[in-house]
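Novice: Take this structure first; my questions come after.
The values are calculated or read from the model by the stated rules, or taken from the named source; none is laboratory data. In this text the structure is predicted, and so the values were computed from the model without any measurement. Because the Cβ atoms are built from the backbone with ideal geometry, glycine has one as well, and the counts that use them run over all protein chains shown.
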Amino acid sequence: MVMGDLVREVDVAVIGGGPGGYSAAFRCAELGLETVVVDAEARLGGACLHEGCIPSKALLHVAGVIAEARRAREFGVEFGPPTLALDALRTWVQERVVGKLAKGLAAVARGKGVEVIAGRAVLEGSRSLRVEGDEPQQVRFRHAIVATGSVATAPPGVTLGGRVMDAAAALAMPEIPARLLVVGGGYIGLELGQVYAALGSQVTLVEMTDGLLPGVDRDLVQPLARQCQRTFAAVRLDTRVTGLTATAASVEAVVGSGGPETFDRALVAVGRRPASDGLGLDTTGARIDPHGHVEIDERCRTGDPHVWAVGDVTGEPMLAHRAMRQGRVAAEAIAGRPAAFDSVAVPAVVFTDPEVAWCGLTETQAQREGRAVKAVRVAWGASGRAATLGRADGLTKLVVEPGTGRLLGAGIVGPGAGELIAEAALAVEAALLAEDVALTIHAHPTLAETLMEAAETLR
Ligand code: FAD
Ligand code: NAD
């Protein structure tokens, strides 16, 4: 700090303007608290809007259109091979999709009286932070909400940059490489691998465990795995990438125990770590666990009564909708309301083709915990709606408590699974019985009927 630096006094200072941060700030403002958001990138939306959820889903929509056009041959409609105008695609994603939503968020902030301060925040004790950047200033607060998100990681020996891309670099679509190596068969590797495959890259996906989407029920992953076998040049499981060296024109990769292999670019998607370093948390009573997550209670309060934390910086699941809910909980708790993050069903959706979605208790988790459950499945082969879409490759599963029939969880794979899971999440959250779902009339022909049909098998 130097003489003349600005000092602000507010009720709440939110550090980070992603889904966790802006949801918290908007709710604080609605509840009458004077609130500022400090964001290092001087914008609202965070990783989700600018280099995550939204641009990836826009590109997956494009991939879906290409796939549908190809599939149309089956029903006698032939389109020519797609031609790609990369500049137009980038403009659509960046301006029409991301830019429009970013403007909307900025307008909401203005409307609610939430100021966005540009710069990097560093906490200086439990009641103050300094903003580093073009306009250094100090912000004194009654409460701070840490919502700094997460950053991409890389395997040991791998440096991100240039032709070795993280998700943000891949979403910027520098080119469509002829040969793309995707390291990691999780959310990002599968979603962006499918985007690049649809746009013309030969995609080799390498996953270190014995299956894609480790931890997700295998019956839900299987249809996606089959699709990847068809559309990717190769899927190599039980294989690690231990070295990636970028040259001016290519990437040399050490894959498994073999010799070096050459690709045009690589996408590294092996997980994300919380952005909790260098934040000055050590000057507060907040605690960070050995994985770098800020420890919080069910109200999102850290070990310091004036410091709260929400979103990816607090650990798994690193999902935007969880961050948003946590943001509202923290805001309401600060305002003295009886709020807690007590959701039992945080839905997860992998927006691939086919989509994979689940919520509540999974069979894998039940098995791990030694918990007895009954699982019922309906394959989409018998679904009228699936037939009309030419897509019988789906599955709907309900996980229920034996004896009571209470719905504990659900899993869906197939086109539209990401939308369908909302009904299951509501049913699980509301502690409905499978019978309640069976007795609810579902419109015909819809894919949602498969939820009703699965529930009916229990009657
Ligand atoms: P972030 O969105 O990461 O925002 C953190 C903000 O804090 C950033 O703006 C950053 O600039 C700022 N910041 C960091 N440090 C400081 C500091 N010291 N001072 C000031 N500002 C700081 N989730 C889903 O639910 N659905 C999806 O479809 C989905 N797709 C994804 C696709 C990709 C490619 C990626 C990478 C992620 C995706 N996610 C998705 C995850 C989702 O983006 C995150 O869970 C979500 O953005 C977390 O929100 P957050 O508010 O915790 O942090
Ligand atoms: P991830 O945890 O989903 O997947 C990482 C994968 O990389 C795992 O399968 C892991 O076994 C594998 N791996 C790790 N080291 C490896 C190595 N050396 N060689 C080969 N494979 C290796 O992580 P991600 O895909 O980077 O995504 C990060 C997070 O972002 C996700 O966990 C999720 O929380 C969020 N995200 C969500 C969505 C969505 O909601 N649709 C989309 C993208 C990202």
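Novice: From the list Leu199, Leu212, exactly one residue is of a type in the set (A, V, I, L, M, F, W, C) and either touching a Cys at 6+ places or on another chain (Cβ under 9 Å) or buried (at least 23 other Cβ atoms within 10 Å of the Cβ) (or both). Which is it?
Specialist: Leu212
Novice: Also: With respect to Leu86, determine if the residue is closer than 23 Å to Ile188 by Cβ, loosely packed, with under 15 Cβ neighbours inside 10 Å and touching a residue at least 60 places away in the same chain (Cβ under 8 Å).
Specialist: yes
Novice: Among the residues of the range 54-61, are any within 16 Å of ligand 1 (Cβ to nearest atom), without any contact (Cβ under 8 Å) to a residue 24 or more places away in the chain and in a helix (DSSP H, G or I)?
Specialist: Looking through the range 54-61, at least one residue is within 16 Å of ligand 1 (Cβ to nearest atom), without any contact (Cβ under 8 Å) to a residue 24 or more places away in the chain and in a helix (DSSP H, G or I).
Novice: Shifting gears a bit: Restricting to the range 19-53, name every residue that is away from ligand 2 (no atom under 14 Å from the Cβ) and either part of a strand (DSSP E or B) or touching a Cys at 6+ places or on another chain (Cβ under 8 Å) (or both).
Specialist: The answer is Thr35, Val36, Val37, Val38, Asp39.
Every residue, every condition in (1) in a strand (DSSP E or B); (2) surrounded by fewer than 16 Cβ atoms within 10 Å (Cβ to Cβ), yes or no:
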| residue | (1), (2) |
| --- | --- |
| Gly104 | no, yes |
| Val108 | no, yes |
| Gly111 | no, yes |
| Val122 | yes, no |
| Gly125 | no, yes |
| Leu129 | yes, no |
| Arg140 | yes, yes |
| Ile145 | yes, no |
| Pro156 | no, yes |
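Novice: Quick check on the range 178-194. Is at least one of its residues within 16 Å of ligand 1 (Cβ to nearest atom), surrounded by fewer than 19 Cβ atoms within 10 Å (Cβ to Cβ) and farther than 24 Å from Pro274 by Cα?
Specialist: no
Novice: Note down all Cβ pairs under 6 Å where the first residue falls in the range 204-220 and is within 23 Å of Leu181 (Cα to Cα) and without any contact (Cβ under 8 Å) to a residue 12 or more places away in the chain, the second is surrounded by fewer than 22 Cβ atoms within 10 Å (Cβ to Cβ) and among the polar types (S, T, N, Q), and they're at least six residues apart or on different chains.
Specialist: Every condition considered, no pair remains.
Novice: Shifting gears a bit: Tell me which residues, restricted to the range 160-170, are under 19 Å from Ala85 (Cα atoms) and surrounded by 24 or more Cβ atoms within 10 Å (Cβ to Cβ).
Specialist: Scanning the range 160-170 gives a single hit, Ala170.
Novice: Between a residue in the range 180-200 that is modelled with pLDDT of 95 or more and any residue that is part of a loop (DSSP other than H, G, I, E, B) and of a type in the set (Phe, Trp, Tyr), which pairs come within a Cβ distance under 6 Å, given they are 6 or more apart or on different chains?
Specialist: Qualifying pairs under 6 Å: Glu191/Phe351; Ala197/Phe232.
Novice: Another question, then. Could you check Leu279 against (1) assigned to a strand (DSSP E or B); (2) touching a Leu at 6+ places or on another chain (Cβ under 7 Å) and say which number it fails?
Specialist: Of the numbered conditions (1) assigned to a strand (DSSP E or B); (2) touching a Leu at 6+ places or on another chain (Cβ under 7 Å), the odd one out for Leu279 is (1).
Novice: Let me ask something else. Does the range 316-334 contain any residue that is within 16 Å of ligand 2 (Cβ to nearest atom), at pLDDT 95 or above and over 13 Å from Pro19 (Cα atoms)?
Specialist: Scanning the range 316-334 turns up at least one residue that is within 16 Å of ligand 2 (Cβ to nearest atom), at pLDDT 95 or above and over 13 Å from Pro19 (Cα atoms).
Novice: Could we say that Ala286 is touching a strand residue (DSSP E or B) at 6+ places or on another chain (Cβ under 9 Å), surrounded by 19 or more Cβ atoms within 10 Å (Cβ to Cβ) and part of a loop (DSSP other than H, G, I, E, B) here?
Specialist: Against the criterion (touching a strand residue (DSSP E or B) at 6+ places or on another chain (Cβ under 9 Å), surrounded by 19 or more Cβ atoms within 10 Å (Cβ to Cβ) and part of a loop (DSSP other than H, G, I, E, B)), Ala286 qualifies.
Novice: In the range 374-430, how many are free of Cβ contacts under 8 Å to residues at least 24 places away in the same chain and of a type in the set (Phe, Trp, Tyr)?
Specialist: Adding up the residues that qualify gives 0.
Novice: Then there's this: Can you say whether Val346 is of a type in the set (Val, Ile, Thr) and within 22 Å of Ile15 (Cα to Cα), as far as the supplied structure shows?
Specialist: no
Novice: Can you tell me which residues in the range 400-455 are out of contact with any Leu (no Cβ under 9 Å at 6 or more places or on another chain) and part of a helix (DSSP H, G or I)?
Specialist: Gly418, Ile421, Ala422, Ala425, Glu429, Glu449, Glu453
Novice: Anything in the range 308-360 that is in a helix (DSSP H, G or I), more than 18 Å from the chain's Cα centre (by Cα) and without any contact (Cβ under 8 Å) to a residue 40 or more places away in the chain? List them, or say none.
Specialist: Val329, Ala333
Novice: Pairs only if they're at least six apart or on different chains, beta carbon under 8 angstrom, first in the range 66-82 and closer than 16 Å to Gly200 by Cα and outside the structural domain of Tyr196 (by TED's automatic domain parsing), second modelled with pLDDT of 95 or more and among the β-branched types (Val, Ile, Thr); list them, first residue then second.
Specialist: Partner pairs satisfying both residue conditions: Pro82/Ile66.
Novice: Ok, one more. Kindly indicate the residue of the range 237-271 that is within 9 Å of ligand 2 (Cβ to nearest atom) and in a strand (DSSP E or B) and also modelled with the highest pLDDT among those meeting that condition.
Specialist: The qualifying residue modelled with the highest pLDDT is Val268.
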